[in-house]
Amino acid sequence: MNCLDPDSLHALFGQVIRAHFQLSHAMLEKIGIYPGQPPLLFALVKKDGLSQKELACKLNIKPATMTIMLKRMENAKLIKRIQDKEDQRIVSVYLTEKGRDVQKKVLEVIEEIHHECFHNFSNEEEEFLKKIFVKLRDNLMCASEQNKNIDSIGDKSNC
């Protein structure tokens, strides 16, 4: 099948990603959260007090992007940043009570999105799709890693 065909797997995959993003964005916006923020909330629920660098590495985003995200979340009173007393270069990030409350709402939104996505799937279909997605993810991560190795020969900057 031609990849440019609107019914090709490539096109359908893109349509699914876009529809999921649009629904997620609309539902998260109702609780005052941007789509990139839930992973940060969940990372801090799992382990509060991570440094900005640790969060950037854990979420696989650039430090500059992390700084902007944290500033926005700090202004919304979802997180607080505390400078290390012994090493002032290190800033640790903590969830506020408001951040913990919002994280619980985000979890509810994610569960609702999951229901919208899979309400007419059988358990077997959902498990089969999960296996397919794992294969897709692994294939894409492998290709991405191979590209990274080609692009970063001699580049020593990593987490």
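Bear in mind these aren't lab numbers, they're just calculated from the coordinates by the rules spelled out. Remember, predicted model here, so these are calculated numbers, not experimental data. In this analysis, Cβ positions are derived from the backbone assuming ideal geometry, glycine residues included, and neighbour counts consider all displayed protein chains.
Run lengths n ≥ 4 of DSSP H only: what is the helix-derived mean residue ellipticity at 222 nm for the chain, with -39500 (n - 2.57) per run over all residues, to the nearest 500? Before the final figure, lay out each step's value.
Details: 6 runs with 103 residues, N = 159.
Calculated at 222 nm, the ellipticity per residue is -22000 deg cm²/dmol.
Within the chain, which is the longest segment that contains none of the trypsin sites (Lys or Arg not before Pro) sitting in a DSSP loop with at most 13 other Cβ atoms within 10 Å?
On the way: sites that count: K30, K47, K77, K85, R89, K156.
Of all site-free stretches, the longest is 90-155.
I79's amide H: which non-local residues (gap 5+, or another chain) put their own amide H closer than 5 Å, with H modeled 1.01 Å from N in plane and none for Pro or chain starts?
E74, T96
Shape call for the chain from the C-alpha gyration tensor, a ≥ b ≥ c root eigenvalues: rounded (a/c under 1.5), prolate (a/b greater than b/c) or oblate?
On the way: a/c = 2.38, a/b = 1.33, b/c = 1.79.
Oblate.
If the limit is 23 Å between Cα atoms, which of K30/K104; K46/K135; K47/K148; K46/K148; K47/K80; K30/K71 go over it? Kindly include the intermediate steps, with their values, before the conclusion.
On the way: K30/K104 14 Å; K46/K135 26 Å; K47/K148 29 Å; K46/K148 29 Å; K47/K80 14 Å; K30/K71 20 Å.
Violating the 23 Å Cα-Cα cut-off are K46/K135; K47/K148; K46/K148.
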